[in-house]
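The values are calculated or read from the model by the stated rules, or taken from the named source; none is laboratory data. Since this is a predicted model, take the numbers as computed values, not measurements. For neighbour counting, all protein chains shown are included, and Cβ atoms are generated from backbone atoms with ideal geometry for every residue, glycine included.
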Amino acid sequence: MNTPELDYKEIPTSQIPAMRLLANLGYKILTPAEVNLQRKGKLTNVLLEDILMSQLRKLNSFTHKGVKHDFSEENLRNAMLKLKNQQFDGLVRTNLKVYDMLTLPQSEEESVEGDKRSYNIRYVDWQEPENNVFHAVAEYSVERSKSTKCATPDIVLFVNGIPFAVIENKSPEEGIGQGISQMLRNQSKEFIPGLFIYCQALLSVSMNDAKYATVGTPEKFWSYWHELEIKDSEIERTVNKFLSEEDEDRLFSEPKFKPFRKTCKQTKRKVTEQDKLIYSLCKPSRLLEIAYRYTLFDEGKKKIARYQQFFVVRSALERIQNFDKEGKRKGGLVWHTQGSGKSLSMVMLAKGIALTATYDPNTNIKNPRIILVTDRTNLDKQICDTFKHCGLDVEKATSGRNLLDLLGPDHSAVVTTIINKFDKALNVRNYTEPSDNIFLLVDEAHRTQFKNLNARMRQMLPNASYIGFTGTPLMKKEKNNFKKFGGLIGPSYTIRQANEDGAVVPLLYEGRHAELKQDKEAIDLWFERYTAGLTDKQKADLKKKYARADMLNKAEQVIYMRAFDISEHFRANWQETPFKAQLVAPSKDTAVLYHEFLKEIGLVSSEVIISGPDEREGYSEVDEEPTDRVAKFWKKMMERYGSEENYNNSIIDRFDSGSGPEILIVCDKLLTGFDVERNTVLYLCRTLKEHTLLQAIARVNRLFEEDGKEKEFGYIVDYANVRDDLDSALALYDSLEGFDPADLEGAFTDISSQIDRLPQLHSAVWDIFKGVKNKQDPEQMERHLADEKRRNDFYKALRDFGKCLSIAISSQKFLEKTPKKDVDRYRQEFRAFTNLRVSVKHRYADDVDYSEYEPKIKKLLDTHIKSNSVTQTQAPTNILDKSFRQGFHDGEAGYDARTPAARADAIAHALKKSISEKMEEDPAFYEKFSKMIQDVIDQFLAHKISDDAYLKSVTELQEQERNKKRDDLPEELIGNDDAAAYYGVALAAFKEKDKCSIDEAKSFAVKAALFIDQAFIDHNKVQFWEDTDAQNRVRDELDNLLYDEIGVRENLGWSSENIDEFEDRIMNVARRRSHE
């Protein structure tokens, strides 16, 4: 029996299956003869003219004095010729003109009974897809520009005779890269741009791979599509639906297909990647939806939605048409990682809201107003510019008063503003807009929404829909934050997904360390001289403050050595390429100093962008020049550029182009919302954590290609030892993986009980001053606090009042129900008491102003801290690789340049530091681990184990610590880290008295751990650790456990002191685990 050979040519494996699927989706296959007739025999003509004319007749009519009329044939032909005869003005610009013609009404003048008027005419019925006709043509030859030769796309899809999509088919051997290359070539002015000026979607497909894009998209930005609505079973049914004999005849009328008719018979087959993309994007209703609602033109580039943008905007549009139990329009939170197109998603959502209100007769959205909210001026400008570039009319609020004006009926439907302008607007006028047709799209929602400004915004717009966009994840412990928006709007899009999709470049982490040497004796001697007037405790506090890593990062010798290393590092790897770098400095002063040193070294060019100094800084006499480094630098920049805006824009524009500085030095500015695609390297010279760190590293993850040089990775070069912080920050991305909305049920704490305590806490502060006759006299108030106990009572009362006030003014209900004069009084008195506290602390030496010591200590560090070399502590490693997240293992990139003993020391001592910091979170676990690590170190120092064995042992311990591996944990507690921590404390305590067996002690400890864990869950609330009553309720539960359930007096022989001590330990562990 002969086994038939598999044919892997593109026609049988890709092109014919694609045409069959398209026919089953509703496209009529046209024969070559029919196509030739439609094109009037001209290969330069890309429209199917007779089909287009027929559809213009079908879709268009007008009403005059209540009577329906057809357009004249002359006007219909004029409409067809307007579309056909396009003056070519560059591919994307001409495509934009055609897009506007297709999506916006075009007018033609008609005369009825001598009455001439203009009426709208349309080429496509976007709202009712079934009113259009869809055709598929294989081997569509088009004559090239200024040549008689032709280029022949494999498949062209037509809507009403207009080319809407082009598909290039490839065999598995060739791969879709060749199809993309051909598509890009065919769009060039030497080939057939006349076809592509009409197109909306482009696909390159093969059996095993498929990508899509739109007109003008570079290869780097072609994307994968992951379908989230259409089920595979639906695609499979459609793929395996056999065509009629007539459709098969039409298909094989193409001369190139005829040789395959016998071998390419219709049979049942598996769904391929090609099938999935064609079904998802080319299904007629989906193709029209993406072209109409999810296509944008941004700064001269045409952009089509990625799948995560498409589905999240769809979800948001569905969400906002529903109302909650209080009758308020629903909103939600969109979590899409940085670099995935959040700003464009906001534009698409705004566009979707407007189109839904205009064309959906069943919608409850009427005359919508859209307000785009950010928390920073540069982000406000960026969002505003994005909307304008995408052709939307936007007005930008310049002040609180201006925001009030823009919310009026006679202004643009789209407004951008910074969030603090809501507070300023309400200070101008107490204004409330009750409409539920207002939609607030809030950028960087993790920063702006969880502060009291949020309440002011909602006070002004109580019934609006709030949709937040964030690029960094919200931790599960921040459950109340979800409630403020109304829950997560799916799908979320993580950094891992973006990497897998190729939407961003992978990030490589490289650790580098400036070796420090110090003259300890000189430092100790001069420190004692500088601080002779301080107490021992104050000296210890000052030492602790200036011995921190972030202070050592500012020592001049350290900065110089790093600047030299950065110069060499950049010169060796990126100089004379299109790629640039960003350097993050610890402060404005050090940012300027890095710039000065880089300039002095002379290997790379750099510029600094910082905010201006306090205008009081740097001067000691009236007419003198500023002496402070930052003030001098700022004066120079203002003299050169005239204003801060010009200074910022000029440097950023040059950095964005190929001509500007190679390295841009920043401190706090431009760590978020700064999207320069050529930005490739981030030199981290300061410590960053959590959201800020995630935002910062995303500055270098954008796709970029220029002059044939493609950005393959973004690089994080770490001089500040943020590796552990980066590991922790990346772990936040797992916090919403598998997120279950049911987790939130019952988890939200009603803050009204906290707010109800505000008058009582306010009175408690005033009660401290009952004996003061004139409470307006600061001197009497300060003298009244001379007693130390009274001062401490004041500090605590003010702290409690301040925390409660902070919660209150972040509550929309509080601001609505409380008269403004009372809110203002609370705020003013809190400020006054805060100023009193500062003055009193200074007067009675409760707090030492260390600022006067800073210049002396800084000079001491600059003089006696030396740095002579920089070493690599970790070779470049992908931050999403297992090797990065799980630590340094033998043979991995991390420490290849160092000896096994050096690697082991680094791991062991990092573990010791980590365990010391976490000890109180789980004492039993970490005490045991601390001993194990020290035992291994001692064995190595005593030469009892080899270098390799030392490294192996500490690596295994590191793995156990990271995974919290406990060999002796009872089964009931596995997976419950909190209960496991309480178990360790309980077991140690129960074994201590030696009144019961080990098995009995373990049984008691398990029972206690589960009971304690549940007690904290039952009594959890906002500000639990500030609420003594709530804590006492938990202690009451512990008493019930110890006295009644376990019977510690009878079974263990505990005294009251033993019980109190145990409860204190449990409360301390719980507090530390809550990170309070």
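Sort out which residues of the stretch 464-486 are part of a loop (DSSP other than H, G, I, E, B) and at pLDDT below 80, and write them in order of number. Write out each step before concluding.
Residues of the stretch 464-486 part of a loop (DSSP other than H, G, I, E, B): 464, 471-475, 486.
G471, T472, P473, L474, M475, G486 - these are the residues of the stretch 464-486 that are part of a loop (DSSP other than H, G, I, E, B) and at pLDDT below 80.
Conditions (1) assigned to a helix (DSSP H, G or I); (2) outside the structural domain of E1045 (by TED's automatic domain parsing); (3) in contact (Cβ under 8 Å) with a residue 24 or more places away in the chain, marked per residue:
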position	(1), (2), (3)
A979	yes, no, yes
Y982	yes, no, yes
L987	yes, no, yes
A1001	yes, no, no
I1012	yes, no, yes
I1017	yes, no, no
N1020	no, no, yes
request  = Please identify the pairs in which a residue from the stretch 27-41 that is crowded, with 16+ Cβ neighbours inside 10 Å has its Cβ atom under 8 Å from the Cβ atom of a residue that is assigned to a helix (DSSP H, G or I) and of a type in the set (D, E), counting only partners at least 6 apart or on another chain.
outcome  = I29/D247; Q38/E49; Q38/D50; R39/E49
ask   = So which residues in the stretch 301-330 are at pLDDT 90 or above and of a type in the set (G, A, S), if there are any at all?
value = A305, S315, A316
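Name every residue in the stretch 561-585 that is of a type outside the set (D, E, K, R) and either surrounded by fewer than 20 Cβ atoms within 10 Å (Cβ to Cβ) or touching an Asp or Glu at 6+ places or on another chain (Cβ under 6 Å) (or both), in order of residue number.
Keep residues of the stretch 561-585 that are of a type outside the set (D, E, K, R), which gives 561, 563-564, 566-567, 569-570, 572-575, 577-579, 581-585.
Answer for the stretch 561-585, where residues must be of a type outside the set (D, E, K, R) and either surrounded by fewer than 20 Cβ atoms within 10 Å (Cβ to Cβ) or touching an Asp or Glu at 6+ places or on another chain (Cβ under 6 Å) (or both): F564, A572, N573, W574, Q575, T577, P578.
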message = With the condition being closer than 24 Å to K256 by Cα, I'd like the strands (runs of 3 or more DSSP E) fully within the stretch 91-183 carrying at least 3 qualifying residues.
response = 134-138, 155-159, 162-169
query = Which number in (1) at pLDDT 75 or above; (2) touching a His at 6+ places or on another chain (Cβ under 8 Å); (3) β-branched (V, I, T) marks the one condition that I489 misses?
reply = (2)
remark   = Of the residues in the stretch 149-160, those that are modelled with pLDDT of 95 or more, out of contact with any Ser or Thr (no Cβ under 6 Å at 6 or more places or on another chain) and surrounded by fewer than 24 Cβ atoms within 10 Å (Cβ to Cβ) number 1
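Does the stretch 639-655 contain at least one residue that is in a loop (DSSP other than H, G, I, E, B) and touching a residue at least 60 places away in the same chain (Cβ under 8 Å)? First the steps, then the outcome.
In the first step, residues of the stretch 639-655 are kept if they are in a loop (DSSP other than H, G, I, E, B); the result is 642-643.
From what is left, the residues that are touching a residue at least 60 places away in the same chain (Cβ under 8 Å) are none.
No: zero hits.
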note = Restricting the stretch 1022-1031 to residues that are on the phi < 0 side of the Ramachandran plot and not in a helix (DSSP H, G or I), the one surrounded by the fewest Cβ atoms within 10 Å (Cβ to Cβ) turns out to be V1022
request  = Would you be able to say whether some residue in the stretch 652-673 is surrounded by fewer than 15 Cβ atoms within 10 Å (Cβ to Cβ) and hydrophobic (A, V, I, L, M, F, W, C)?
outcome  = no
inquiry  = Between a residue in the stretch 815-830 that is free of Cβ contacts under 8 Å to residues at least 40 places away in the same chain and any residue that is among the aliphatic types (A, V, I, L, M) and in a helix (DSSP H, G or I), which pairs come within a Cβ distance under 6 Å, given they are 6 or more apart or on different chains?
reply    = F830/L805
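Just for the stretch 64-104: of the residues that are of a type in the set (A, V, I, L, M) and surrounded by fewer than 12 Cβ atoms within 10 Å (Cβ to Cβ), which one is farthest from N160 (Cα to Cα)?
We begin by selecting, within the stretch 64-104, every residue of a type in the set (A, V, I, L, M); these are 67, 76, 79-81, 83, 91-92, 96, 98, 101-102, 104.
Now restrict to residues that are surrounded by fewer than 12 Cβ atoms within 10 Å (Cβ to Cβ): 67, 81, 104.
Details: V67: 27, L81: 15, L104: 16 Å.
It comes out as V67.
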query = Give me the pairs: first residue in the stretch 495-513 and assigned to a helix (DSSP H, G or I), second residue among the hydroxyl-bearing types (S, T, Y), beta-carbon distance under 8 Å, and six or more apart or on different chains, which are they?
reply = I495/T337; I495/Y733; R496/Y733; Q497/T337; A498/T337; A498/S340; D501/S223; D501/Y224
message = Going through A1070, A980 one at a time, which residue ends up being modelled with pLDDT of 80 or more, farther than 30 Å from R799 by Cβ and either in contact with a Gly (Cβ under 9 Å, 6 or more places away or on another chain) or buried (at least 17 other Cβ atoms within 10 Å of the Cβ) (or both)?
response = A980
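Here are some residues: E1045, E1037, E1076, E1061. Which one is part of a helix (DSSP H, G or I) and at pLDDT below 75? Can you show your working first?
Working: E1037 fails: at pLDDT below 75; E1076 fails: part of a helix (DSSP H, G or I); E1061 fails: at pLDDT below 75.
Going through E1045, E1037, E1076, E1061 in turn, the sole match is E1045.
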key: When residues of the stretch 251-288 are limited to those that are free of Cβ contacts under 8 Å to residues at least 24 places away in the same chain and part of a helix (DSSP H, G or I), the one nearest to the chain's Cα centre (by Cα)   = R286
inquiry  = If a residue must be within 18 Å of R458 (Cα to Cα), crowded, with 19+ Cβ neighbours inside 10 Å and touching a strand residue (DSSP E or B) at 6+ places or on another chain (Cβ under 6 Å), how many such residues does the stretch 307-331 contain?
reply    = 3
